[in-house]
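In what follows, a structure is listed as structure tokens, so that the remarks can point back to it.
The values are calculated or read from the model by the stated rules, or taken from the named source; none is laboratory data. Since the model is a prediction, treat every value here as computed from it, not as a measurement. As a convention, Cβ positions derive from the backbone with ideal geometry for all residues, glycine included, and neighbour counts pool all protein chains shown.
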Amino acid sequence: MKKALIILPTYNEAGNIKTLIEKIFHQQEKLDKWSLEILVNDSQSTDETAKIVKQLQKKYQKLYLIETKKQGLGKAYYEGFLFAKENIKPYVVFEMDADLSHNPKNISQMLKEIENGADLVIGSRYIKGGSIPKNWGLHRKILSFFGNLIIRIGFMNLKIHDWTSGYRTIKFWILNNSLEHIKNYSGYVFQIALLDFAIKSKANIKEIPINFVDRKYGQSKIFFLQYIFSIFLYILKFSSFVKFVIVGVIGFIVDFGLMYLFINKIKIPSSKTWFAQAIAAETAIINNFLLNNFWSFQYKKLKNNLFFGFLKFNFISLGSILIQTFGLQIAVNIFGQQYWAISKIFIIILIIIPYSYIFYNHFVWKK
């Protein structure tokens, strides 16, 4: 049988840990292809969490305990991954909260998705059939929902609904490859970083609905201001979409500057606006291709086929040129040449950016 290791980071979970461990091992009865094992990483609890686990080890041979410094959720998982790599060598690893917020009954369903070809399974609160606690305060509901929405838009990945879920099943090859990337992150940003790495590694991601419940014992360890700030920092650093938009702004400045030169300095006639737009747009395209290849999409940048990639980029960008050229000419004819700048901004934001990002991702930098 393949090993499925559940890692439980704990800090003062004496009121929950015994019940959770017993419920997890009870799920073994439903599984004939998997051997469930549990690793508790206790971060210097001041209650009897570690003592309870040590007592349970006498009953359960596949229960492990390590005790590490209190350094946050991400570091606790990272230490657990390292221990698993050296001592257990599982096929899949579960991330699960130790406060009974996650139902062990979902284990068999998540493993079924692994059997069907998934590399990473997310227990999602935000798909049909999933839920968050009804008794959560409005501020927590808003932060949770809109936090995930910001991440989805920030990475321009709307297929995955719950980026911060702490209930996951992950094939160990993903964890093994991600260790260098995730080692410096903690809290919920750790979950985002790991999922981001898995997506960029072309892992097959699946979501199943879960009903998340609030803890009955102990205190929540979420710090919301730190949570939001850290999410924004990670998105700014690693989102290819955000970088793409920044490159687009630079290209816009190049484009805008040349248009200003042609119209306001050289003073070309209104009938030649299309010609000025074509020259300005193509110059911006060359600039954008180079910046996108070596920065925005550097994790899948073109090396050997750079010229062929540029031809595809230019061909797709031809659509942008045509949209801008004819769209701007129409706007100038309707509103007058004095409104060319406003018209251009609206065309770029509403049409060019979404069009370009989708097509570049699928046809130029397709890993």
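Do you know which residues across the stretch 204-220 are assigned to a loop (DSSP other than H, G, I, E, B), surrounded by 19 or more Cβ atoms within 10 Å (Cβ to Cβ) and modelled with pLDDT of 95 or more?
Result: Ile210, single match.
Just to verify a result, which residue in the stretch 256-267, among those that are within 41 Å of the chain's Cα centre (by Cα) and touching a residue at least 40 places away in the same chain (Cβ under 8 Å), is surrounded by the fewest Cβ atoms within 10 Å (Cβ to Cβ)?
Here the residue is Phe256.
Inside the stretch 165-192, can you point out the residues that are of a type in the set (Val, Ile, Thr) and touching a residue at least 60 places away in the same chain (Cβ under 8 Å)?
Within the stretch 165-192, Thr169, Ile170, Ile182, Val189 qualify.
Among the residues that make up the stretch 286-303, is at least one of them closer than 17 Å to Phe326 by Cβ, surrounded by fewer than 14 Cβ atoms within 10 Å (Cβ to Cβ), hydroxyl-bearing (Ser, Thr, Tyr) and out of contact with any Pro (no Cβ under 8 Å at 6 or more places or on another chain)?
So far as the stretch 286-303 goes, no, none of its residues is closer than 17 Å to Phe326 by Cβ, surrounded by fewer than 14 Cβ atoms within 10 Å (Cβ to Cβ), hydroxyl-bearing (Ser, Thr, Tyr) and out of contact with any Pro (no Cβ under 8 Å at 6 or more places or on another chain).
Looking at this structure, is Lys70 surrounded by fewer than 22 Cβ atoms within 10 Å (Cβ to Cβ) and free of Cβ contacts under 8 Å to residues at least 40 places away in the same chain?
When the stated conditions are applied, Lys70 does not pass them.
Anything in the stretch 261-270 that is in contact with a helix residue (DSSP H, G or I) (Cβ under 8 Å, 6 or more places away or on another chain), assigned to a helix (DSSP H, G or I) and hydrophobic (A, V, I, L, M, F, W, C)? List them, or say none.
Phe262, Ile263
Taking only the stretch 311-343 into account, find how many residues are in a helix (DSSP H, G or I) and either in contact with a Leu (Cβ under 8 Å, 6 or more places away or on another chain) or small (Gly, Ala, Ser) (or both).
Residues that pass the stated criteria total 8.
Of all residues in the stretch 338-367 being more than 26 Å from the chain's Cα centre (by Cα) and free of Cβ contacts under 8 Å to residues at least 24 places away in the same chain, which is surrounded by the fewest Cβ atoms within 10 Å (Cβ to Cβ)?
Across the stretch 338-367, the extreme among qualifying residues is Gln338.
State yes or no: is Ser43 among the hydroxyl-bearing types (Ser, Thr, Tyr), within 21 Å of Ile182 (Cβ to Cβ) and in contact (Cβ under 8 Å) with a residue 12 or more places away in the chain?
yes
Please pick out the residue among Leu194, Leu258, Leu175 that is closer than 22 Å to Ser356 by Cα, at pLDDT 90 or above and part of a helix (DSSP H, G or I).
Result: Leu258 is the single residue among Leu194, Leu258, Leu175 that is closer than 22 Å to Ser356 by Cα, at pLDDT 90 or above and part of a helix (DSSP H, G or I).
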